[in-house]
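Some notes on the structure that comes next.
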Amino acid sequence: MSEIVSGFFQAVNLIVTLNPEVMQIAALSLFISLAATVIAATIAIPLGGLIHFHEFRGKRMLIVLIQTLYSVPTVVVGLVLYLLLSRSGPLGIFGLLFTPEGMIVGQTVLIIPILTGLVIASLGGIDRNISDTLISLGATSFQTIVQIVKEARLAILSAVVLGFGRAISEVGVAMMIGGNIRGATRVLTTAIALQTGIGDFPFSIALGLILLLIALVVVIIMNLITSGLSVETQQVLGGPRT
Amino acid sequence: MKKFSVLSLGILLIILLVGGVFISGCTTTQPGPAVTTVVTTPPTTAAVEKPKLLIATTTSLYDTKLLDYLEPKFESQYNVDIQITSQGTGKAIEIAKKGDADVLLVHSPSQELVFVKDGFGINRRSFASNYFLVVGPSADPAGIRNMTPEKAFTTLHQKGTNNTAGVFFVSRGDASGTHTAEKAIWSKASFNYTTRVVKSGAWYIEAGKGMGETLQMASEKKAYTFTDEGTYLSYKSNLQLVPIISEGSSLLNIYSVMTVYNEKQPVEKIQMANNFINFLISNQTQADIANFGVDKYGKALFTPMSVKVPTAPAGNVGDYPTLATDLKPPAVVSNTTAAN
């Protein structure tokens, strides 16, 4: 018990004094996961829209497949990408293995399914009446799409935040693609795994606290969005629109 | 047009949100200009300036912090950025075989000799040694203190499979160098590892983790385990484990380094890897290794070759005084060259 308490105080000390190693690891974690989230969102939002607004054979199957990939284990993504990115693998010429760029690729691949799926769900969640109304009012199909995306934007935004949460908290891709190299690819989760293995609990606790702080910020933002969503939904359901 | 401005506002919000998470994530710790100094040192830019040398190594070498200690010395000498990924020996060798590392630093002579013989590595040099230990609870519930390793393993197996109270053994179970050495003792004690040891009962626990975590697990479970001396000494203060067996020829642990070779490997990387090997076997580094850990643990964690060359079966101790100069494997790779 005393170990936890003293570890906690040392951890707070490490954070408050801006311990360079702790800060560097936290900054790298944020950088990688944010980059992955931005790239994944850039791909997943149009992709989700494309799937939602088009009717084609196998659409249901495709959505089921995407939803299955929500829960793909991070180590499986790590393993597949490891084999692809290895210098002796098909994408080896890019030299991405054991680099932050490689980790960004890995986390992007990891969260694209969840983002795409949630974008489709968000768009599907917009009342069918809206598109009917828009069409009856003479909107072109492009205008309809723009309007529906607009209505769904808050739900899409929360999907993006969720994707970020998955990216920053995962350890499989970070460990297998990054290799946990100090000063280069060591991020919060892999550092916690390593330092716990080494027995340096204060350092692990400090990193864990930072990860929790980030999670807290993510949850706060999620809540802000969701509360915004309900207001929006109220408006959609008959509130005054100007 | 108003509608479009709402849309663009939404996009802006995404950017702000993402940026906001970033900034708040950093500043929740403490606001101030220090944050920017942290952010302005992304490792990618540093990597562009200096050549990188990627070392695949074992958890036992890394967890003792020996490499952390040697790293800055080499980096300042050669203006190179050393990157270390620590995995079990089995994984490290796989990474090296795929050409994803430049230097291999491990402690499993039998696997190393195959690696070199197959043409994946050149310039194998042994640079240090220490001993494996069987550690366990001081009460020694299996009564194996001061037995030979083989006798002790036989006794452990017997008492373990009989469900003798308090007899547990935690194995690395991860194809690491330490695990390989453990399996070698089982085989010397005439046990078929896969059929008679693995899954022979609740007493034999396969951790599948690094050495430090395995030691902690053994300590928590009041179990025996097989460890290298260096990692044990550096973790000792956190453990309720004492050395039970520390004598026996099968406990010798030899650390070797080699340059990774494949046809795609640029010659500059091979030369830099050779530099690292020559750095490790240099008089200065050998002296540094001999001092490493003395102040903290009262004894050196590793015995460099310059202090003592252990006696071991032919081939296990690699060359150690000769400078590493080969840029590719010898023209004819045969059994005779691999065994010298």
Centroid-to-centroid separation of the stretch A:1-64 and the stretch B:289-332 [C-alpha atoms, Å]: 43 Å
Excluding same-chain residues fewer than 8 positions from B:LYS221, which lysines have a Cα within less than 25 Å of its Cα? B:LYS151, B:LYS159, B:LYS183, B:LYS199, B:LYS209, B:LYS236
Neighbour-count order for B:LYS183, B:LYS221, fewest beta carbons within 10 angstrom listed first: B:LYS221, B:LYS183
Pull up all non-local amide H partners of B:THR148: gap of 5 or more, or a different chain, and H-to-H distance under 5 Å with H placed in the peptide plane. none
Using amide H atoms built in the peptide plane, which far-off residues or other-chain residues are under 5 Å from B:ILE82 H to H? B:LEU53
What FRET efficiency do you get for B:VAL307 and B:TYR193 if R0 is 30 Å and r is their Cβ-Cβ distance, rounded to the nearest 0.05? 0.35
Please turn the phi angles of the stretch B:255-272 into ³J(HN,Hα) values with the Karplus equation 6.51 cos²θ - 1.76 cosθ + 1.60 (θ = phi - 60°), one per residue in order, whole Hz, x for glycine and proline. 9, 10, 10, 8, 7, 6, 10, 7, 5, 7, 5, x, 5, 5, 5, 5, 5, 5
Calc'd 3J(HN,Hα), the stretch A:23-37, phi into Karplus 6.51 cos²θ - 1.76 cosθ + 1.60 (θ = phi - 60°), Hz, glycine/Pro = x, comes to 5, 5, 5, 5, 5, 5, 4, 5, 4, 5, 5, 5, 4, 4, 5
May I ask you to list the residues of the stretch A:183-212 whose amide nitrogen lies under 20 Å from a point 7 Å from Cα along the Cα→beta-carbon direction of A:VAL219? A:188-189, A:205-212
Interchain or sequence-distant (5+) residues whose placed amide H lies within less than 5 Å of the amide H of B:LEU252 are B:PHE132
For the stretch B:180-240, with only Lys/Arg (+1) and Asp/Glu (-1) charged at the beta-carbon, what is the dipole magnitude about the Cα centre, in debye rounded to 20? 240 debye
Order of A:TYR82, B:TYR224, B:TYR193 from fewest to most other C-beta atoms within 10 Å? B:TYR193, A:TYR82, B:TYR224
Unit charges on C-beta of K, R, D, E only; dipole of the stretch B:172-284, Debye: 320 debye
When you count, for each residue, the other Cβ atoms within 10 Å and take the mean per peptide, how do B:316-323, A:56-63 rank with the highest first? B:316-323, A:56-63
Taking the beta-carbon count within 10 Å as an exposure proxy, list B:THR164, B:THR285, B:THR311, A:THR99 from fewest neighbours to most. B:THR311, B:THR164, B:THR285, A:THR99
Compute the convex hull volume of the Cα atoms of the stretch B:189-340, divide it by the residue count, and report the result per residue in Å³ as a whole number. 184 Å³
Under a point spin-label approximation (7 Å from Cα along Cα-to-Cβ), what is the B:VAL242-A:THR68 distance to one decimal in nm? 5.7 nm
Output ³J(HN,Hα) for the stretch B:133-141: one whole-Hz value per residue in order, computed from phi by the Karplus curve 6.51 cos²θ - 1.76 cosθ + 1.60 with θ = phi - 60°, and x for Gly and Pro. 10, 9, 10, x, x, 5, 5, 6, x
Working out 0.36 nm times the residue gap between B:LYS73 and B:LYS222, then minus their Cα-Cα distance, what length gain in nm do you get to one decimal? 49.7 nm
Determine which lysines satisfy two conditions relative to B:LYS269: a Cα distance under 22 Å, and not lying fewer than 8 residues away in the same chain. B:LYS50, B:LYS52, B:LYS73, B:LYS91, B:LYS97, B:LYS98, B:LYS117, B:LYS328
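Any read-out appearing in this document is the output of simple, stated calculations on the displayed coordinates, not a laboratory observation. If you're wondering where the values come from, they're calculated on a predicted model, not measured in any experiment. Cβ atoms come from the backbone with ideal geometry, glycine included; neighbour counts cover every protein chain shown.
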